[in-house]
Amino acid sequence: MARVDEARSVRGQVLSLLRDRGPLARIEIARLSGLSATTITRAVNLLADEGVVEEGASISLAKLGRPATELSIHADSYFVVGVQIGVGFVQLGLIDVLGGSRGTAHFSYDLAVPASDVVCQAAESIQSLIADAGVDRRLVLGVGVAVPGPVDAAGRRILFPINLDWRDVAVSDLMEPILGVPVTVEHNVRSMALAETRFGSAQGAGSVAFVYLRTGLGAGLVVEGQPFSGGVHGAIELGHLQVIDNGADCVCGSTGCLETVVSEPALRARAAELGLDGTDNPITAIWEAAGTRADARDSIAAVITPLAKGLSAIVNLLNPEVILLGGALADVPEPFFERVTEETRSAVFPLIRSSVHIDPSSLGMDAGVIGAGAVALDRYFYA
Ligand SMILES: [Zn+2]
């Protein structure tokens, strides 16, 4: 058993290095992993026989004095399916082992429909997605499901999403008998943070914070390369940080939470008060009006200042290498990011101000699906 585990761990190390640093020669993999050349050669040969790694160009390694063959991961060797369950919508994607999308599907659902029906419908959609893509089912290793709320420690159930009337839904138990492959469940924003470090602009970064704005405002962290699960339920409630004294009532029962001013419903209401159409992206609508209207400029300040306050809390506590903003924040005008960065910097501890980097998500609206896929790949391929 120990030998099997050891071989599995070497395999995972080789694949992770090739994903983050590849293509690499065998000798470079040995150096970076600290494992012996013999161990690496044995692992690489097995992976090559399986069709998971492929040999590429012959390169000359100066230190070696002779040519070595570069290895890379064969993207089509296996697949996973990523599913993002949102409030009233489900997005699905067939994902290759390098995070590439090989087909997508989506459906919306009525919030009154029982959770188990939505989960089973997602499983049926996965079947069609795989069939439509013409991928051999035996190459599908598993499914990752990103959900809008806390999950159990085993990663099989969604516990109690605050913006969805679901309670303790056994997602994996419902889907596995239909699909015949393992299903793992993860908090949506945490999986987005993971996707950015595995396949996005933060690839290889040790620490990343992802902030996602839709119905609510959520945050997810990757710490030392791994998704960070804090507290009893593992979710970071950035949206419920109290940022406004005597503020409006929040769904959580408190008042003045960040989410009461920075969430799609709050921003749409603000756009409507200004007589603007905020259906598409309320922040962009308000930002554009701010060019000529003082009341819209006040509204922008009333959004950016509390948001920067929330982000500065993340920076002061964790000082991540980068903060990525996703969901409705992913495609707002560039100067909005400059303002948010500036205000966040001024609110953090002076010594770490220059280390604050805030960028839009590089995966955009696909972050949830690729994130769910990244969780499944971490568990079933790169483990
Ligand atoms: Zn709240």
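Using the Cα centre of the chain as origin and beta-carbon charges of +1 (Lys, Arg) and -1 (Asp, Glu), tell me which of GLY34, GLY218, GLY230 is placed farthest towards the positive end of the dipole.
Of the candidates, GLY34 comes out farthest on the positive side.
What base-10 log of the normalised intensity I(q)/I(0) is obtained for region 176-235 from the Debye formula, alpha carbons as equal point scatterers, at q = 0.19 Å⁻¹?
-0.71
Can you give the alpha-carbon Rg of region 204-361 over 2.2 N^0.38 Å, where N counts its residues?
Normalised by 2.2 N^0.38 Å, the Cα Rg of region 204-361 equals 1.01.
Between ALA209, ALA195, ALA115, which gets the highest mean-square fluctuation from a Gaussian network model of the chain, Cα cutoff 10 Å?
Ranking ALA209, ALA195, ALA115 by mean-square fluctuation puts ALA115 first.
Over the chain, with a Gaussian network built from C-alpha contacts below 10 Å, which listed residue (SER312, SER355, SER229) shows the highest mean-square fluctuation?
Fluctuation is largest for SER355.
Between region 14-34 and region 257-319, how many Å separate their Cα centres?
44
Out of the GluC sites (Glu not before Pro) in region 162-246, which ones are loop residues according to DSSP with at most 14 other C-beta atoms within 10 Å?
Sites meeting the loop and neighbour criteria: GLU224.
Assigning unit charges at the beta carbon (Lys, Arg +1; Asp, Glu -1) and nothing else, what dipole magnitude in debye, to the nearest 20, does the chain show about its Cα centre?
Charge dipole of the chain: 1200 debye, to the nearest 20.
Sequence gap at least 6, Cα distance under 8 Å: using those rules, report the relative contact order of the chain to the nearest whole percent.
For the chain, the relative contact order is 16 percent.
What's the FRET efficiency of ALA57 with LEU35 using the Cβ-Cβ distance as r and R₀ = 22 Å, to the nearest 0.05?
Once rounded, the FRET efficiency stands at 0.40.
Relative contact order of region 201-316: what whole-number percent is it, with Cα pairs under 8 angstrom and at least 6 residues apart?
17 percent.
For n ≥ 4 DSSP H runs only, could you compute -39500 (n - 2.57) per run for the chain, divide by its residues and tell me the 222 nm figure to the nearest 500?
So the helix-based figure for the chain works out to -12500 deg cm²/dmol.
Just to confirm a number: summing +1 for Lys and Arg and -1 for Asp and Glu over residues other than GLU334 whose beta-carbon lies under 14 angstrom from that of GLU334, what do you get?
-4
Where does the longest stretch of the chain lie that holds no trypsin sites (Lys or Arg not before Pro) found in a DSSP loop with 13 or fewer other Cβ atoms within 10 Å?
Result for the longest clean stretch: 168-383.
For region 1-144, calculate the relative contact order in percent as a whole number, restricting contacts to Cα pairs under 8 Å that are 6 or more residues apart.
Here the relative contact order equals 18 percent.
Can you run phi through the Karplus equation (6.51, -1.76, 1.60; θ = phi - 60°) for region 325-332 and list ³J(HN,Hα) in whole Hz, with x for Gly and Pro?
Listing the rounded values in order: 9, x, x, 5, 8, 6, 10, 8 Hz.
Could you give the accessible area per residue of the chain, probe 1.4 Å, as a whole number in Å²?
Dividing the accessible area of the chain by its residue count gives 44 Å².
Over the chain, with a single point scatterer placed on each C-alpha, what log10 of the ratio I(q)/I(0) does the Debye formula yield at q = 0.11 1/Å?
Computed log10 I(q)/I(0) values: -0.82.
As a test, work out the antiparallel percent of DSSP beta bridges whose residues both lie in the chain, rounded to the nearest 5.
Beta bridges within the chain, antiparallel portion: roughly 65 percent.
Top mean-square fluctuation among GLY144, GLY180, GLY373, Gaussian network model of the chain, C-alpha springs under 10 Å?
Among GLY144, GLY180, GLY373, the largest GNM mean-square fluctuation belongs to GLY180.
State the Cα centre-to-centre distance between region 88-118 and region 158-214 in whole Å.
Rounded to whole Å, the Cα centres lie 12 Å apart.
Can you compute the label reach from SER9? Point 7 Å from Cα along the Cβ direction, backbone N cut-off under 16 Å, restricted to region 18-33.
Only 33 pass the distance filter.
The values are calculated or read from the model by the stated rules, or taken from the named source; none is laboratory data. Please read these numbers as outputs of a predicted model, since none were measured by experiment. Using ideal geometry, Cβ is built from the backbone for each residue, glycine included, and neighbour counts are taken over all protein chains shown. These accessible areas exclude ligands, DNA and RNA; they are computed on the full protein's heavy atoms, side chains included. Shrake-Rupley method; radii C 1.70, N 1.55, O 1.52, S 1.80 Å.
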